[in-house]
Structure formats: structure tokens, C-alpha cells
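Structure record follows, encoded as C-alpha cells.
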């Protein structure tokens, strides 16, 4: 049985040599992350099929599919507040087992309202498992191993964007729409089994001082100008990401591109470069600083927007690659900044950030969906550009307080 927390002493001394134990642990952590959030964006690859199935507009189905971000925002706050009192292993296990229920029921959702509510339920379960796993890794991994552990977890999340979409398109194309949700429910249960055998029971190590309530801690974080800006940047990042990768699906299946369902799944190999580049976010921040790293990432994403207005598939794909790399990289930098800027109660700070991040995704699907329906793809891309511009302006305010900068994140 492989423990995904801290390495043994012999493994730790062999970190540079990539001992088999460390490599196996990284694979397990990455796979756990993959199975936790694989449902989040996989459904986007079958948006045209869902639009026809429920006979609704792209904006309506885009909002319904991304409604899981409502649940994720709520769960991010709740888990952040209650984190000091939740057993990590039990919480992750229960979340993944419960996740399989709404995933299964999506196969028989009678209308778009039911579909939307089930996606919210999925979000509640996914975010709970996600946040508790991050807390577990932060508390149980040794300082030496923490970097590789979080890198592996981030890589698993990015990979879920690629493989989840590809698998979803393949399953629907081969077995039909309902089979897709049954298959992903099995993946949820597989995640629970993996956690059962690899995550050891461990109590939270950094409980919040009893004198400070979650509400007081939350107000304190919102009073920090740098943290407020980081929360807003997270909102803008997923706003732009969701707007791009939700509605580009409808552009890809329409003339002149006219891709088929399986071809649409293969399009999401555009996330493959992000799996690699996201791992270097920490190094970029260490070398250049948080603000230059985020500005560079946002600029790269912005460069991809004009390309996605092209009628040539190669140029559209290149634009998607740039937006994917830029938004994932900026997200990794912003997440790390929150951990540094919060001088205490980092669990609550992370919960607020995740809530703002996922609410940004919901807003992106709603606002940009209306732009897409009423004014077309060009207006939608312009909205994405506006969100990236706001994030770039807010990045100027990301300055660490000397007190928080001196404490380890």
C-alpha cells in the first residue's frame, strides 16, 4: 500500500534521483486528482449532443453544464470554515462515494432543470474532495516533498481537462449519451477505492485558534487589499477559461470547421502543453516574482484570442493552446500567492479563493453565453479579453505584507 503523504527517510535522500517510491507516490497523487475532478469539464466535449438532447440554446446548456461551479463555490467556503474539524481521509472518501450518485442520475435527468441541480450536487462533492486532499497534502507531506506532491496534484487536474473530454466524446460516440454518465460514476468510485488504499487517517495539524471564529477570519482576509485582488483575479481567470472552452465547442462543429463528435474530443489535446508548463509556475514566481509571472501568463492567453476568430482549424487550435497555457499558469501563480499572503487561517483564505474562482466560472458561462447567443463568437471572445484585462490590472495590487511574507506558506 502506497502512502501519498510524506516520503520515508531513504526516499527523501533520493529525491533528486527520483526513487521508485517517490515516482509511484507522484503517480498516485496525480491519479487521485484526476479522478476527483474528471467530471468537471468532461461534459463540455459533448455540449452539442446535450443541446440537441434537451432542445435548448448553447447559452442554456452552457449554464447548466457549468452549474457545478455553484456547488464548488459553496463547498469551498464550507470546507474552508470546517477544515480544522474534518478528518481528511473520511471526508475525501465520503465525497467521492457521494459524487457517484448525481453522476449516475445525470444519465436519466428528465429535463434541463434536473440536469442543472445534479451538476450543482456534483460540484459540492468534487470541491469537498479537492479541498480536503490539498489540505491533507499540505499537512502530511514533508517540506522537501511538498513541491513535488502539489506539482503532481496540479498535473492530475490539468490532465483531467484533456483526458476527461476525450473519453467523454469517445464514450458518447460509441455507446450513447447515458452511458457517458454511468462510466464517469465508475471513475468516481475508482477514486474512492484509490483513496481508501493510499490515504492514511490523519487529524488536521493546524487547527484555527478558538478565539477567532471563521466569520472573523473571513472578514480579516477580505480587508487585505492583496488578498481581495487575488480573489478577484481567480474570478476573472475561470470566467475567461469557461467562456473560451465552453462556447468554442459550438464554433468547432459549425461550418466552416464542421468537426464531428469524435474529432471534437481529439481537439482537447490542446491541453497537453499545459500539463507540462503548469509545473513551472512555481519556478517562474521564484525567479521573476508573482506579478510578472501572472502578467506574462495573461498576455500569452490574450495572444490566443485573435487566433480563435480564424476560419482555419490550425489557427483556432493554436489560440486554444495559448489560452489554456496562460490561464492554467496564472491560476497556479495566483493560488500560490494566496497561501503566502494569508498570514494565518490559510484554509479559510483558500476556501474564499476557490469560491470566487468557481463563481467566476458560473458568471462566465452566463454572461458570455448571452453574448454568444445574441451577438456571436466575436463578442464572446471580446468578453474573454475584457476579463483577462481586468485580471492584469488587479495583478498590480499583489504585494505581500512583510508579516505574511516572512511566514512559510
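For the reader, a short list of remarks on this structure follows.
- Ordering of 316-324, 348-356, 215-223 by packing is 348-356, 316-324, 215-223, highest average first (other Cβ atoms within 10 Å, averaged per residue).
- The peptide list 122-134, 261-273, put in order of mean Cβ contacts within 10 Å with the highest first, becomes 122-134, 261-273.
- Pairs of C-alpha atoms in region 319-402 farther apart than 22 Å represent 35 percent of all such pairs.
- Paramagnetic label zone (point 7 Å from Cα along Cα-to-C-beta, residue 397; backbone N under 20 Å) in region 308-339: 330-339
- Using the Cβ-Cβ distance between residue 27 and residue 313 with R0 set to 30 Å, the FRET efficiency works out to roughly 0.35.
- A protection proxy built from the mean count of other Cβ atoms within 10 Å ranks the segments 177-187, 48-58, most packed first, as 177-187, 48-58.
- Placing pseudo-labels 7 Å out from each Cα toward the beta carbon at residue 200 and residue 299 gives an inter-label distance of 4.6 nm.
- FRET E, pair residue 228, residue 101, Förster distance 51 Å, beta-carbon r, rounded to 0.05: 0.90
- Distance between modelled label sites at residue 382 and residue 87, nm, 7 Å Cα→Cβ extension: 5.6 nm
- Modelled label reach - residue 193, point 7 Å along Cα→Cβ, region 162-187 residues with backbone N closer than 15 Å: 183-187
Every number in this text was worked out from the coordinates using simple rules, so none of it is lab data. Keep in mind that this is a model prediction, so the values were computed, not measured. Every residue, glycine as well, gets a Cβ built from its backbone with ideal geometry; the counts of neighbours run over all protein chains shown.
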